[in-house]
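Rule-based calculations on the coordinates, nothing more; no lab input. These numbers were taken from a predicted model, which means no experiment stands behind them. Ideal geometry is used to build each Cβ from the backbone, glycine not excepted, and the neighbour counts take in all protein chains shown.
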Amino acid sequence: MIKNFSKSLHFTIFVMLLLPISFSSNAGWAGNLEVKKMFGNSKIFFGVNIPPSDTCDYHGRDFIFDATTEGGKNMLSMLIAAYMADKKVDVWYTASSVPSTDEKSGCNPSTIAVMTQVGFSEE
């Protein structure tokens, strides 16, 4: 019985340690945004009309994502569709490690906010 209690206690502690990690993976959300200044190749950079305060500005771009994955290809398609139809988007992202900076003061491809999900805003 003590052995089972010990395993249960270890499992509970392990899960409690992982909870903050799982909730921080999509730490940021911003809605009703217009897509601006999109460019890239395998990594896509884009800006929005109202950048969140926990992002940085890399030559007018506020977010990055990997367009080589299936999910990245889907997000790219959604951004292009929103841009072409003049529709606004909601963005889920991991915040920049150097918020409120620009390319001259620390914002670069490795510090810019990473978009993890995108959706069309309700109107």
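Residue-wise HN-Hα couplings along segment 80-88, as the Karplus relation 6.51 cos²θ - 1.76 cosθ + 1.60 with θ = phi - 60° gives them from phi, are 5, 4, 5, 5, 5, 8, 6, 9, 8 Hz; Gly and Pro carry x.
Could you work out how much longer the chain between S110 and A95 gets when fully extended? Use 0.36 nm per residue separation minus the Cα distance between them, nm to one decimal. Provide the component values of the computation, followed by the final result.
Numbers: separation 15, 0.36 × 15 = 5.40 nm, distance 1.16 nm.
Between S110 and A95, full extension yields an extra 4.2 nm.
Each Lys or Arg adds one and each Asp or Glu takes one away; over the other residues whose Cβ falls under 10 Å from the Cβ of M115, this sums to -2. Among residues other than R61 with Cβ under 10 Å from its Cβ, the summed charge is -1 (Lys and Arg +1, Asp and Glu -1). Potential lengthening of the chain between E123 and N49 amounts to 25.0 nm, from the contour at 0.36 nm per residue minus the alpha-carbon distance. Quantify how much of the Cα-Cα distance distribution of segment 54-123 extends past 13 Å, in percent. Of the Cα pairs, 64 percent sit more than 13 Å apart.
For F120, the residues 5 or more places off, or on other chains, whose built amide H falls under 5 Å of its own are D90.
Using the Karplus relation 6.51 cos²θ - 1.76 cosθ + 1.60 with θ = phi - 60°, the per-residue 3J(HN,Hα) values for segment 112-123 come to 5, 4, 9, 6, 10, 8, 9, x, 7, 6, 6, 10 Hz, with x marking Gly and Pro. Taking amide H positions as modeled 1.01 Å from N, with prolines and chain starts lacking one, the residues under 5 Å from A67 and 5 or more places away or on another chain are K43, I44. Taking amide hydrogens as placed 1.01 Å from N in the peptide plane, the amide H of M38 sits under 5 Å from those of G47, each at least 5 positions away in sequence or on another chain.
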